[in-house]
Amino acid sequence: METGQFRRLTRSPAGLWAGDQRPEVSPDGRTIAFTRASTRSNSEIYLLPLTPGLEAAGEPRRLTYEESTASEPAWTPDGKSVVFSVGAGGSSSTPGLRIIPASASGEKAERLEVGEGGESPTISSTGRLAWARWTRDENIWRLPLAGGAPERLVCSTRRDNDPHFSPDGKRITFASDRTGSHQIWIANADGSDARPLTATKGTMAGGGRWSPDGRSIVFVCNEPGQMELYLTTPEGRSPRRLTDDKAHDSAPSFSRDGRWIYFASNRDGDFQVWKIPADGGAPPVRVTRNGGYSALESSDGRTLYYGRRGEEAAWSLWSVPVGGGEETLLLPRIATWGDFDVGADGIYFIDTPRAGARILLHPFGGSAETLLGTLEKRTSFGVTVAPDERTLLYTQYDQESTELMLVDRFR
């Protein structure tokens, strides 16, 4: 503080999702606990020893082995243990707090009896534990595009999001954590007969996009410790792994001819769109040059539309010819990379993640955009339009609240 000079303390490995975050100094000032996020769904707590001069006194040591989203460390007053959250930041509808000795090596942390729904823990010098408790209820809604009010289609008290229509429009896939972990589910197009399609050992599975012939479903899962691509069937055949890389692979979709699977990956450092043969018989091929995510082909298979993350975490929509060429900005802002779909005559999208968002149709050919609906509540994640383009599904937070909790003695 006297000199105002900065010292770099950590250098996270290349290709990580978000690198090193949320540092917390131990009570004696000799160790920093921090979060190292390797992928969106996998982060762990690390400890870095410090010299008396507050320089790194060695390499960081991994403390937790949760194979999940361990984050937000807080030291106990005696400096002997670290409290942290698992499932924070919306990665689970049921986050919680855990505690682990700072001397631990390889074992799992102990779940705190208090801290249900807990995020962002902090501990006073007298041992009082405070945390934020979130309540989130995400559900899938159906909007008739010929007119009429939206209606709730798939709902529970947990997270239900990321819907996708089958090619014949008779079924949908969606993601839900109502069984305790985030899995792919399948249901009829009216929401009936919902059942889990996957039962992976990971904490998060998503994607769930259909092949053009309706016989395969591609999804992503973090079972290996990072997000990888898998193939299954509508009958729930044992998933087949398609990718194997320490990077974060996400947002898969089939090409219109079914020969390729597009996906996003940061295996080259920053996120780009890649593609791999649907049979997994060849290495991935990079598609975009200047950043890209969540790619979908046009109906005729000639143009690729994809999201790109810009400054201040804003998302925009871009296009590039499937055979290669200039990357062109189409929409300056969309809610998230999952909140658009490609129809025969235009792009269906949500324009902002905030309450009051608009559902719009951006026609091909330069015509004015059409307002399809307005959301009273905050949008969650996922937009899909039926093959006949008479119905659109979207996801919103039907309930969302935060409370501050406090206990005097938490052991």
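The values are calculated or read from the model by the stated rules, or taken from the named source; none is laboratory data. Worth saying up front: this structure is predicted, and the values here are computed from it rather than measured. Every residue, glycine as well, gets a Cβ built from its backbone with ideal geometry; the counts of neighbours run over all protein chains shown.
Points worth noting:
- Boolean, Thr198 is modelled with pLDDT under 95 and either within 21 Å of Phe165 (Cα to Cα) or outside the structural domain of Asn290 (by TED's automatic domain parsing) (or both): yes
- Residue match in the stretch 282-292 (condition: part of a strand (DSSP E or B) and in contact with a Lys or Arg (Cβ under 8 Å, 6 or more places away or on another chain)): yes
- Any pair with Cβ under 9 angstrom, 6 or more apart, that starts in the stretch 166-179 at a residue that is over 13 Å from Ser216 (Cβ atoms) and ends at one that is basic (Lys, Arg) and surrounded by 15 or more Cβ atoms within 10 Å (Cβ to Cβ): Ala175/Arg159; Ser176/Arg158; Ser176/Arg159; Asp177/Arg158; Asp177/Arg159; Arg178/Arg158; Arg178/Arg159; Thr179/Arg158
- Counted residues, the stretch 132-169 - those being part of a strand (DSSP E or B), over 17 Å from Gly206 (Cβ atoms) and of a type in the set (Val, Ile, Thr): 1
- Scanning the stretch 11-24 for residues that are surrounded by fewer than 16 Cβ atoms within 10 Å (Cβ to Cβ), more than 21 Å from the chain's Cα centre (by Cα) and either at pLDDT 90 or above or hydroxyl-bearing (Ser, Thr, Tyr) (or both) yields a total of 1.
- Selected residue (only one of Thr126, Thr122 is without any contact (Cβ under 8 Å) to a residue 60 or more places away in the chain and either crowded, with 19+ Cβ neighbours inside 10 Å or not in a loop (DSSP other than H, G, I, E, B) (or both)): Thr122
- Checklist (1) within 13 Å of Met405 (Cα to Cα); (2) crowded, with 20+ Cβ neighbours inside 10 Å; (3) at pLDDT below 90 applied to Val114, failing item: (2)
- Residues that are assigned to a loop (DSSP other than H, G, I, E, B) and under 23 Å from Pro95 (Cβ atoms) occur at least once in the stretch 240-259.
- Single condition Phe34 does not satisfy, out of (1) on the phi < 0 side of the Ramachandran plot; (2) at pLDDT below 95; (3) assigned to a strand (DSSP E or B): (2)
A quick yes/no check of all residues on (1) under 27 Å from the mean Cα position of the chain (by Cα); (2) not acidic (Asp, Glu):
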{"residue": "Leu317", "(1), (2)": "yes, yes"}
{"residue": "Ala344", "(1), (2)": "no, yes"}
{"residue": "Phe349", "(1), (2)": "yes, yes"}
{"residue": "Thr391", "(1), (2)": "yes, yes"}
{"residue": "Glu403", "(1), (2)": "yes, no"}
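- The residue of the stretch 170-189 that is surrounded by the most Cβ atoms within 10 Å (Cβ to Cβ), among those that are assigned to a loop (DSSP other than H, G, I, E, B) and at pLDDT below 95, is His182.
- If you go through the stretch 235-254 and keep only what is in contact with a strand residue (DSSP E or B) (Cβ under 6 Å, 6 or more places away or on another chain) and surrounded by fewer than 20 Cβ atoms within 10 Å (Cβ to Cβ), you end up with Arg240, Arg241.
- Every residue from the stretch 323-344 that is surrounded by fewer than 19 Cβ atoms within 10 Å (Cβ to Cβ) and either outside the structural domain of Phe263 (by TED's automatic domain parsing) or in contact (Cβ under 8 Å) with a residue 40 or more places away in the chain (or both): Ala344
- Selection count, the stretch 60-74, where residues are closer than 12 Å to Ala109 by Cβ and without any contact (Cβ under 8 Å) to a residue 60 or more places away in the chain: 6
- Candidates Ser238, Ser250, Ser255: the one that is over 20 Å from Ala199 (Cβ atoms) and modelled with pLDDT under 95 is Ser250.
- Among residues of the stretch 400-411 that are at pLDDT 85 or above, none has a Cβ under 8 angstrom from a residue that is basic (Lys, Arg) and surrounded by fewer than 10 Cβ atoms within 10 Å (Cβ to Cβ) at a sequence gap of 6+ or on a separate chain.
- Looking across the stretch 376-394, just one residue is at pLDDT below 95 and either over 16 Å from Asp160 (Cβ atoms) or outside the structural domain of Leu296 (by TED's automatic domain parsing) (or both), and that is Glu376.
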